[in-house]
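The values are calculated or read from the model by the stated rules, or taken from the named source; none is laboratory data. Keep in mind that this is a model prediction, so the values were computed, not measured. With ideal geometry, Cβ positions are generated from the backbone for all residues, glycine too; neighbour counts draw on all protein chains shown. Surface accessibility is based on the protein's heavy atoms, side chains included, excluding ligands, DNA and RNA. Shrake-Rupley method; radii C 1.70, N 1.55, O 1.52, S 1.80 Å.
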Amino acid sequence: MDLLDYKPLLNKLNGEQLPESVRGGHALTGMDIAAIVHSLAGSIFKFQQHGKSGAWFSDLLPHTASVAERSLRRPLDVHRSHQSRPGGHLFFKTGSQIAGRPSFGSWVHYGLGTLNQNLPAFIVLVTPHKNGQPLYSRLWGSGFLDSRYQGIQFRSGKEPILYMTNPDGPCGSGRRALLDKLDALNRLQFTKELDPEIESRIAQYEMATACKARCHR
């Protein structure tokens, strides 16, 4: 909403409580009840119309607005039937209010691929000190697509990606030998089961190894 979704009424009602006309008598969840005590908040950025289409752009996108006819043919408008915040986030990131659909980032990776051979194509930065936000992992999941298209979560702290650091004891060559044996076992299992998820697992192990080597150069 701070980029392309201009909401003049929300800006007008900035600081006021959610009106009954907006809530429409829908049942409230616990999160909704907690949110009602807070006031409405419009965008803090200015919006202007650009191009022949009259598309709205905030002042955060001055260069995109200058090529409005090529970048956005018509104003962006998104609607959904439920008003809860988690459902809204899920709908925005996956196009569905029901968990299990591929996220936007997964579709981009699936459709366009990546030029990176030893770095993740789709990463996720999680807000620190929020206990990992376990309820929101579905927002960057791959759904029914192959697991190689899911987001790779980066955490705050000394270990941004889990299991990337060597444990105390094994040397680098020993870890490489272990991964080679694990790769051989996975490939043997794939020849028996022909499960594409096994190939994804192999690719993820190899990417983790290449990424670890790149990061330690």
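What the table shows:
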read-out	value
Of all residues making up the range 51-77, the number that are of a type in the set (Ser, Thr, Tyr) and either more than 10 Å from Leu3 (Cβ to Cβ) or modelled with pLDDT under 80 (or both)	3
Residue satisfying all of: in the range 122-142; open to solvent by less than 50 Å² (accessible area, probe 1.4 Å) and not polar (S, T, N, Q); modelled with the lowest pLDDT among these	Gly132
Residues being within 17 Å of Gln153 (Cα to Cα) and in a loop (DSSP other than H, G, I, E, B) - total across the range 90-115	2
